[in-house]
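Visitor: The structure follows.
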Amino acid sequence: MSEAGSSPADRAPAWGLAAVLLGAFLSTLNTRLSTFGLNDVRGALHAGFDEGAWISTAQTTGQMLVLPVAIWLGAAFGPRKVLLYAALAFAVISLAKPLSPNLPTFLALQFAGGAASGFFLPLTIGFILRTMPPRLWAVGIALYALHLELSLNISASIEGFLADYLSWRWIFWQNVPLSLAMAACLFFDGSRTPPNPGKSQDVYGLVLGGVGLALIYAALDQGNRLDWLNSGMVWALLVAGAIGVAGLLLHEARTPHPLIDLKVLVQPPFAAVAILIGVLRLTILSTAYLVPTFLGAVRGFRSIQMGQTLVWIAMPQLLVCALAAMTLRRLDARYSASFGFVCVAVACLMAAHGLTSDWGEDQFWPALLVQSVGQSFAMTGIIFYNVQYVTPARALTLGAFLQTARLMGGEIGQAFAVTFVRVRGQLADNLIGLHVQTGDAAAEQRMRVYGAATARLGDASAALPRGAMLLGDAVRQAATTQAIIDAYLVMAVVAAVGILLLMAQKAPPPNPAAPHLLPGPLPEGQT
């Protein structure tokens, strides 16, 4: 479609854009805060490890469950109205969560909060494409990436501050003013979408798709704790989820008024983009998971100290995202995304090459700065490449597709990374331990040195046992460091695969962000 037909006014609705970007920020921030603050929340609710593991799962499964509902309600009543009610609901739920009398009540509210925030991200891209002129799409997508990156990497600092100076309750209460601000922006937004309540009232699609995706996500989230396919619960969740998704696809292919246009999703480049988003989410874990794991397990850093390191990803995002938007207006989106993956691969190799158990904030920041550039360029490039194949009328389907790929790809990546680091750490611990034998002269000497260093802490007769304990800690730290190094190398290979996959894609249609490149109206199905 031509630029002239994209909007009655060649301007961006500032209030609405601020609202959807705040929603994208809020959704990711809330998920990350629940993860970083899990121990504080679990302790306050007197929940054990196994019970508390469902706290974060309840929230994210709620987000997956409402994905199909978000498509239908957004198409029927318009993104603005749906987001307004979702923001108000999220504020009320966030206010009530810390007042829960027990764990079951808290889990129910956590699930409801996930369902409310689940509307934010799927409708963001749809709002950008429907209300902004094509020449500003690159800017809107860059801002979308900016808010996701900021919320992903400042959450550790925020959680540490809340835990140190306020209380665990503010992990949830801080959502209240942000949600109300989002609702206020939507209230003052002047854009309107004509209601169409009869559009795609596909109840079977809503139920099958939402439940199927939620069950598969729950299986992935709990798989590492339950030992994957050795657990009957994981099997049950995966099989039930697969049946639900298969039923959704079969029903949507046969119904005359489908909720999801499968013809759009099977056309190029949607499948490749889904894989690319999964690849990107896995490489993002090199900062979102590997760095906090190393700093916590090896260096004993607390959340606020981890945040001081991860802020090196967040700080340059405003400049980097602006540069990425300018690049998309002039270059093929594949090249922009490829440049991002190159930076990610280089950053991973930088960290893998130099990482030792003594690393702290100062040693991480060069690789993190390179990573921050790469993540922004890769994310904006991949999303914009997909946008060039979608009409604004199909923008809601695109938003839900991207959210599904983002959440599911992130969870698959998280499951892989956690399992890989655990298994490689156990292997390294075993191999290093083979060289630490009782009676070995070097091991005995190291234990005596450790014991002498701690002799002033207690009974001198216990110095040798304390030395043995410290030696065991040193072995575990070395094993964890080696596992993190191996994971960084895997991330670099994954980034290289992303580059190859991008280069295998065909050139996109004319760039809607550069109107001077558009010779005229494009064929139906392109933007």
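FYI, it's all coordinate maths here, none of it is from the lab. The model shown is predicted, which means the values in this text are computed figures rather than measured ones. Heads up, the Cβs are rebuilt from the backbone with ideal geometry, glycines too, and the neighbour counts pull from every protein chain shown.
Visitor: Compute the relative contact order of the stretch 42-153 as a whole-number percentage, counting only Cα pairs closer than 8 Å that sit 6 or more residues apart in sequence. Please list the in-between numbers first.
Guide: Details: 94 pairs, mean separation 39.0, N = 112.
After rounding, I find 35 percent.
Visitor: Using alpha carbons only, how many angstrom separate the centre of the stretch 52-81 from the centre of the stretch 117-133?
Guide: With the stretch 52-81 and the stretch 117-133 each reduced to a Cα centre, they are spaced 14 Å.
Visitor: Determine, from the Cβ-Cβ distance of ASP50 and ARG169 and an R0 of 25 Å, the FRET efficiency 1/(1 + (r/R0)^6), rounded to the nearest 0.05.
Guide: Result of the calculation: an efficiency of 0.60.
Visitor: Could you derive backbone 3J(HN,Hα) for the stretch 70-78 from the dihedral phi with the Karplus parameters 6.51, -1.76 and 1.60 (θ = phi - 60°), listing whole Hz in sequence and x where the residue is Gly or Pro?
Guide: 4, 4, 5, 5, x, 6, 7, 10, x
Visitor: Can I ask one more? Note down the relative contact order for the stretch 334-393 as a percent, whole number, built from C-alpha pairs under 8 angstrom at least six residues apart.
Guide: Reported as a whole number, the value is 56 percent.
Visitor: Give me a comma-separated list of calculated 3J(HN,Hα) values for the stretch 45-58, in order, Karplus coefficients 6.51, -1.76, 1.60 applied at θ = phi - 60°, integers in Hz, x for any Gly or Pro.
Guide: Values, residue by residue: 8, 6, 9, x, 4, 5, 5, x, 5, 7, 5, 6, 5, 4 Hz.
Visitor: For the stretch 282-356, what mean projected area does the convex hull of the alpha carbons give, in nm²?
Guide: On the way: hull surface 22.5 nm².
Seen from a random direction, the Cα hull of the stretch 282-356 projects 5.6 nm² on average.
Visitor: Tell me, Kirkwood radius of the stretch 1-191 from alpha-carbon pair distances, in Å?
Guide: One over the average 1/r among Cα pairs gives 17.1 Å for the stretch 1-191.
Visitor: By count of other Cβ within 10 Å, fewest leading, how are SER167, SER372, SER56 ordered?
Guide: Arranged by neighbour count, lowest to highest, SER167, SER372, SER56 become SER167, SER56, SER372.
Visitor: Starting from 0.36 nm per residue, how many nanometres of slack lie between LEU319 and LEU229 once their C-alpha separation is accounted for?
Guide: Stretched fully, the LEU319-LEU229 segment lengthens by 27.9 nm.
Visitor: Here is a follow-up. For VAL493 and ALA236, what is the calculated FRET efficiency with R₀ set at 41 Å and r taken between the beta-carbons, to the nearest 0.05? Provide the component values of the computation, followed by the final result.
Guide: Numbers: r = 33 Å, r/R0 = 0.82.
Computed FRET efficiency for VAL493 and ALA236 comes out at 0.75.
Visitor: Rounded, prolate or oblate: which fits the stretch 198-251 when a ≥ b ≥ c are the square roots of the eigenvalues of the alpha-carbon gyration tensor, with rounded for a/c under 1.5 and prolate only if a/b beats b/c? Can you show the working numbers first?
Guide: Numbers: a/c = 4.69, a/b = 2.78, b/c = 1.68.
Prolate is the answer for the stretch 198-251, as a/c is 1.5 or above and a/b outweighs b/c.
Visitor: For GLU51, GLU361, GLU149, what ranking results if the residue with the fewest other Cβ atoms within 10 Å of its Cβ goes first?
Guide: Least to most surrounded, the residues fall as GLU51, GLU361, GLU149.
Visitor: When LEU152, LEU88 are ordered from fewest to most other Cβ atoms inside 10 Å of their Cβ, what list results?
Guide: LEU88, LEU152
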